[in-house]
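Novice: Have a look at the structure that comes next, please.
Please treat every number below as a calculation from the coordinates, not as lab data. Values in this document were obtained by computation on a predicted structure and should not be read as measured data. All Cβ positions, even for glycine, are placed from backbone atoms using ideal geometry, and neighbour counts span all protein chains on display.
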Amino acid sequence: MPHASTPIAIPASPSTTASRYHTAGGRAFNFNAGPSILPEEVIRTFQGDMWNFRGSGLGILEHSHRDKWFDELLFETIDLVRKVGSIPKNYHILFMTGGSSSQNFIVPYNLLPKSRTADYIDTDFWSSRSIEDARQFGAGVHVAFTGKSEKYTRIPAASEISYSENPAYVHFTSNNTIYGTQFRTEPTPPSNGAYLVCDACSDIFSRPIDFSKYGLVYASVQKNLGITGATLVVVRDDLVQNSNADVPRMLQYRTMVKEESRPNTPPHFAIYSASVMMRWILSQGGLGAMEKRNQEKAAVIYGALDGSAGFYRAHAEKNSRSLMNITFRLATEELEARFLNEAAAAGLMGMKGHRATGGCRVSIYNAFPIEGCRALAEFMGEFARKNG
Ligand SMILES: Cc1ncc(COP(=O)(O)O)c(C=O)c1O
């Protein structure tokens, strides 16, 4: 007997929130560290393309990753990423899976010859994970600096970084999502041909970046580039050509280049999302404009922290502060919980600190509007006056 089909009841979601603070589109402000906020016009574009992508009759989620629409989209996305980042022609733009976390082993697996050492700068939970994985490859890892004993409160000065004699590359994490610190500018690797490898997961395209100074840059898509599921890898061609051969096929950069990021079914909605985000960044004026906006936004929140007479205590040292993730503590965990609950009820959501640190973390990636920063600053002032 055929089953009677049961319609799926989809609850209608309210189109606006009644909370005290809300975005222009009537939603709560999203301070999550990733997956994170998307521009509202980008979400509207997703809605349309999920129903019918470019008049094809099918939504983007249902397209084959090998049909002509996806072909066009993939190459267009690569061109857009190259344009936004001014990425030179001798760099490949790849989309991989496994997150930035998997690049911790994919990078040394491919790029660290057995006889060589790589240098790592340890400024955060994520860089220490990169070190842990890299230790399984090559002749070893040299930790050129670690901020662990100081609880990762700062970025090292150039004079504090001590490189090994002949590293293959120098790895660093440009923005430290958990502790809220950020390199102002990239470190200079030793002048023996060592190149920079950067985990730019949480600040890629938040400011201009000179890719010619790097051998490889990687970033999961879910913060400044779109939704979760894909990892952007920008890698110099000669490194791919000379990469280690004894690497499983699916983990080789060489395979990713040859098969145009499609050796198997790729995370095609995440790649699509990056194309829409790249158009959005261009429509806002590109990376120079992003940097200016990000500086203005962060200044509003750091202003509220610094003006609170110690009610909120910033984790990062002043000259190492991140423009993307702002981390701070209140006097007690109980007060922190009250702050987070009341903020969420007011429409300021997603500020709980990472499980490694506790406290509060405010993530204000490219898509985050300055109105939300002003709302938070106002809320912080009121909460401090009431509870100080
Ligand atoms: C700097 C940094 N590196 C690596 C990761 C891990 O990324 P994924 O969860 O995509 O593996 C994160 C995640 O937040 C991060 O912020």
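Novice: Let me have the relative contact order for the chain, percent, based on Cα pairs under 8 Å that are six or more residues apart. Let's see the in-between values first.
Specialist: On the way: 697 pairs, mean separation 85.8, N = 388.
Relative contact order here is 22 percent.
Novice: So how far apart, in nm, are the two label points at residue 153 and residue 83 if each is 7 Å from Cα heading toward Cβ?
Specialist: Taking the two extended label points, one gets 4.6 nm.
Novice: Also, quick follow-up: I'd like the Karplus ³J(HN,Hα) series for region 334-350: coefficients 6.51, -1.76, 1.60, θ = phi - 60°, whole numbers in Hz, and an x wherever there's a Gly or Pro.
Specialist: Listing the rounded values in order: 5, 5, 4, 5, 5, 4, 5, 5, 5, 5, 4, 5, 7, x, 10, 10, x Hz.
Novice: Next question, about the same structure. Given the pairs 151/292; 213/292; 83/258, which are separated by over 25 angstrom at their Cα positions?
Specialist: Numbers: 151/292 29 Å; 213/292 22 Å; 83/258 22 Å.
Beyond 25 Å: 151/292.
Novice: For labels at residue 76 and residue 44 in the simple 7 Å Cα→Cβ model, what's the distance in nm?
Specialist: Those two pseudo-labels are separated by 1.9 nm.
Novice: For region 167-252, run through the trypsin sites (Lys or Arg not before Pro) and keep only the ones in DSSP coil with at most 11 other Cβ atoms within 10 Å of their Cβ.
Specialist: Within region 167-252, the qualifying trypsin sites (Lys or Arg not before Pro) (loop, at most 11 other Cβ atoms within 10 Å) are 184.
Novice: What is the extension gain from residue 291 to residue 337, computed as 0.36 nm multiplied by their sequence separation minus the C-alpha to C-alpha distance, in nm to one decimal? Before the final figure, lay out each step's value.
Specialist: Numbers: separation 46, 0.36 × 46 = 16.56 nm, distance 3.18 nm.
Taking residue 291 through residue 337 to full extension adds about 13.4 nm, to one decimal.
Novice: Quick check on the chain: helices-only [θ] at 222 nm, where DSSP H runs of length 4 and up contribute -39,500 (n - 2.57) each and the sum goes over total residues. Nearest 500, please. Let's see the in-between values first.
Specialist: Numbers: 10 runs with 132 residues, N = 388.
Dividing the helical sum by the residues of the chain leaves -11000 deg cm²/dmol.
Novice: Taking Rh as the Kirkwood radius, which is the inverse of the mean 1/r over Cα pairs, what is the Rg/Rh value for the chain? Before the final figure, lay out each step's value.
Specialist: Working: Rg = 22.0 Å, Rh = 22.2 Å.
That ratio is 0.99, to two decimals.
Novice: Another question, if that's okay. What lysines sit close enough to residue 386 to cross-link, taking a C-alpha to C-alpha distance under 28 Å and skipping anything fewer than 8 places away on the same chain?
Specialist: Leaving aside lysines fewer than 8 places away in the same chain, those within reach of residue 386 are 297, 318, 352.
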